[in-house]
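Colleague: Take this structure first; my questions come after.
The values are calculated or read from the model by the stated rules, or taken from the named source; none is laboratory data. This is a predicted model, so every value here is computed, not measured. Cβ placement follows ideal geometry from the backbone for every residue including glycine, while neighbour counts extend to all protein chains displayed.
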Amino acid sequence: MSATAFFWIVIVVLAIGTLLLRSLPMWTHGRIAIPEWLERLLKRVPAAALTALFVPGSLYATHSGAYEFAPARTIAALAALAVALRFKSMLATLSVGMVVLWIAQMAIIAIA
């Protein structure tokens, strides 16, 4: 088998696998009973995914391919978390987080 044919077979198999993994829950929704423990687990997936995306970006910044601690981002993330827990407002959380990030970045630049 040539390398080109093997390449296209792999692409087609991966495409079919991706289609099945993404569409299978929609096809089986309501037809298969989900255990209670799995329901409880699946309710926590969005928060876990958001945390997995948010935490590395707020704690570390990449420069030249190496991770470095980002104090301004950490300060802004903690301020945004406090506002989110207190007011439960997305607009307030985003606004405070951005303003605190800008102030913290300017303060760090002024100190250095």
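Colleague: Look through the range 68-96, keep the residues that are part of a loop (DSSP other than H, G, I, E, B) and not polar (S, T, N, Q), and return whichever of them is nearest to residue 52 (Cα to Cα). Steps first, answer last, please.
Modeller: Just the residues of the range 68-96 that are part of a loop (DSSP other than H, G, I, E, B), to begin with: 70, 88-89.
Right, trim to not polar (S, T, N, Q) and you get 70, 88.
Values: 70: 17, 88: 21 Å.
Here the answer is 70.
Colleague: Here's something else I'd like to know. Residues in the range 9-28: is at least one under 20 Å from the mean Cα position of the chain (by Cα), surrounded by fewer than 10 Cβ atoms within 10 Å (Cβ to Cβ) and farther than 30 Å from residue 96 by Cα?
Modeller: Scanning the range 9-28 turns up at least one residue that is under 20 Å from the mean Cα position of the chain (by Cα), surrounded by fewer than 10 Cβ atoms within 10 Å (Cβ to Cβ) and farther than 30 Å from residue 96 by Cα.
Colleague: While we're on this one: Which ones in the range 52-71 are among the aromatic types (Phe, Trp, Tyr), within 19 Å of residue 106 (Cα to Cα) and surrounded by 11 or more Cβ atoms within 10 Å (Cβ to Cβ)? Full working, then the answer.
Modeller: First pass over the range 52-71, keeping only residues among the aromatic types (Phe, Trp, Tyr): 54, 60, 67, 69.
Okay, now just the ones that are also within 19 Å of residue 106 (Cα to Cα), so 60, 69.
If the condition is that a residue be among the aromatic types (Phe, Trp, Tyr), within 19 Å of residue 106 (Cα to Cα) and surrounded by 11 or more Cβ atoms within 10 Å (Cβ to Cβ), then 60 is the only one that fits.
Colleague: For the structure I just gave you, tell me whether residue 99 is under 19 Å from residue 51 (Cβ atoms), among the β-branched types (Val, Ile, Thr), free of Cβ contacts under 8 Å to residues at least 24 places away in the same chain and part of a helix (DSSP H, G or I).
Modeller: Values: under 19 Å from residue 51 (Cβ atoms): no; among the β-branched types (Val, Ile, Thr): yes; free of Cβ contacts under 8 Å to residues at least 24 places away in the same chain: yes; part of a helix (DSSP H, G or I): yes.
Answer is no for this residue.
Colleague: Continuing with the same structure: Looking at the range 34-56, is at least one residue assigned to a helix (DSSP H, G or I), among the charged types (D, E, K, R) and touching a strand residue (DSSP E or B) at 6+ places or on another chain (Cβ under 7 Å)? Step through it out loud before you land on a result.
Modeller: To start, the set of residues in the range 34-56 that are assigned to a helix (DSSP H, G or I) comprises 36-43, 45-56.
Then keep just the ones that are among the charged types (D, E, K, R); that gives 36, 39-40, 43.
Still in the running and touching a strand residue (DSSP E or B) at 6+ places or on another chain (Cβ under 7 Å): none.
No, the range 34-56 contains no residue that is assigned to a helix (DSSP H, G or I), among the charged types (D, E, K, R) and touching a strand residue (DSSP E or B) at 6+ places or on another chain (Cβ under 7 Å).
Colleague: Being surrounded by 12 or more Cβ atoms within 10 Å (Cβ to Cβ), modelled with pLDDT of 95 or more and touching a Pro at 6+ places or on another chain (Cβ under 8 Å), is that true of even one residue in the range 72-82?
Modeller: no
Colleague: Looking at (1) outside any helix (DSSP H, G or I); (2) surrounded by 16 or more Cβ atoms within 10 Å (Cβ to Cβ), which is the only condition residue 104 fails?
Modeller: Failing condition for residue 104: (1).
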